[in-house]
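> Could you have a look at this structure, given as structure tokens, before my questions?
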Amino acid sequence: VQLQASGGGLVQAGGYLRLSCTASGSTFIINAMGWYRQAPGKQRELVATVSNGGTTNYVDSVKGRFTISRDNAKNAVYLQMNNLKPEDTAVYYCNAVIRIVTINNYWGKGTQLTVSS
């Protein structure tokens, strides 16, 4: 299973951007999907998750600004990021909890988001 993320870039504070991530590979079942981020010198942190039933969870710092969604038919998860702030600057990683035979965490390569002030 591979996760392919896209959509990062450079944006000014107050701007918006949308991240996308698609899972591909052999037959699998996706449970939760989500986005994490890691800023320079900091630990990776959860940004948002969405269950296969659509239940969402956000870190407090992005509530009201970011929206996570998924398209189960496409095995895809999205992160709409509005009103971006310089502190959102980080490498963003797509994550999926996937069951093939056993349940495992899968990670995509990170995509860089830089928010300029």
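The values are calculated or read from the model by the stated rules, or taken from the named source; none is laboratory data. Quantities reported herein were computed from a predicted structural model and do not represent experimental measurements. Please note: Cβ atoms are built from the backbone with ideal geometry, for glycine as well, and neighbour counts cover all protein chains shown. Protein only, heavy atoms only, side chains kept; ligands, DNA and RNA dropped before computing areas. Shrake-Rupley method; radii C 1.70, N 1.55, O 1.52, S 1.80 Å.
> Quick one: order K42, K63 from most to least accessible surface, probe 1.4 Å.
Per-residue accessible area, sorted high to low, gives K42, K63.
> Here is a further query. Per 0.36 nm of contour for each residue apart, how much would the distance between E87 and A13 grow if the chain were fully extended, relative to their Cα-Cα spacing?
Between E87 and A13, full extension yields 25.7 nm more.
> Setting aside same-chain residues fewer than 8 positions from K63, which aspartates and glutamates have a Cα under 17 Å from its Cα?
Straight-distance partners of K63: E45, E87, D88.
> Can I ask one more? Could you look at segment 21-117 and say what percent of its accessible area is carbon and sulfur, using a 1.4 Å probe and all protein chains?
48
> For a quick check: with amide H placed at 1.01 Å from N, whose amide H comes under 5 Å from F66's, ignoring anything fewer than 5 positions away on the same chain?
N82
> What accessible area per residue, rounded to a whole number of Å², is obtained for the chain using a probe radius of 1.4 Å?
55
> At most 14 other Cβ atoms within 10 Å and a DSSP loop assignment: could you name the chymotrypsin sites (Phe, Trp or Tyr not before Pro) in segment 14-110 that fit?
Y16
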